[in-house]
1. Which condition breaks for R29 when tested against (1) among the basic types (K, R); (2) modelled with pLDDT of 85 or more; (3) surrounded by 10 or more Cβ atoms within 10 Å (Cβ to Cβ)?
2. Going through region 43-60 one residue at a time, which ones are modelled with pLDDT of 90 or more and over 9 Å from L4 (Cβ atoms)?
3. Scan region 23-41 for residues that are in contact with a Phe, Trp or Tyr (Cβ under 6 Å, 6 or more places away or on another chain) and over 20 Å from D13 (Cα atoms) and report the count.
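The values are calculated or read from the model by the stated rules, or taken from the named source; none is laboratory data. Small disclaimer: the values here were computed from a predicted structure and weren't measured. No Cβ is skipped: glycine too gets one built from the backbone with ideal geometry, and neighbour counts run over all protein chains shown.
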Amino acid sequence: MRNLRYLLNNKRDANQLAEDLQVQLEVNRFENVTVVPIPERKELIIQVPEADGALEDTVEAFMSDYKDGLILE
């Protein structure tokens, strides 16, 4: 598994954004994805399976308007 940490800008609440992303991933039928909001740090941690480029592209497209930065772990 791989962790993607998105640092959020001030446009959205981390909890609401996590719910919205989870719905988007379910619509696209992506499974085995964990989305954890950290409201205190304005951050989302998204755990994805290794080597799933389509999933990472979907997450990146969704997060493009809401992120200030990305940390790969």
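1. Condition not satisfied by R29: (3).
2. Selection gives E43 alone.
3. 0
Listed here are the residues, each with its yes/no results for (1) touching a residue at least 24 places away in the same chain (Cβ under 8 Å); (2) closer than 13 Å to T58 by Cα.
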{"residue": "M1", "(1), (2)": "yes, no"}
{"residue": "K11", "(1), (2)": "yes, no"}
{"residue": "Q16", "(1), (2)": "no, no"}
{"residue": "Q22", "(1), (2)": "no, yes"}
{"residue": "N28", "(1), (2)": "yes, yes"}
{"residue": "V36", "(1), (2)": "no, no"}
{"residue": "P39", "(1), (2)": "yes, no"}
{"residue": "K42", "(1), (2)": "yes, no"}
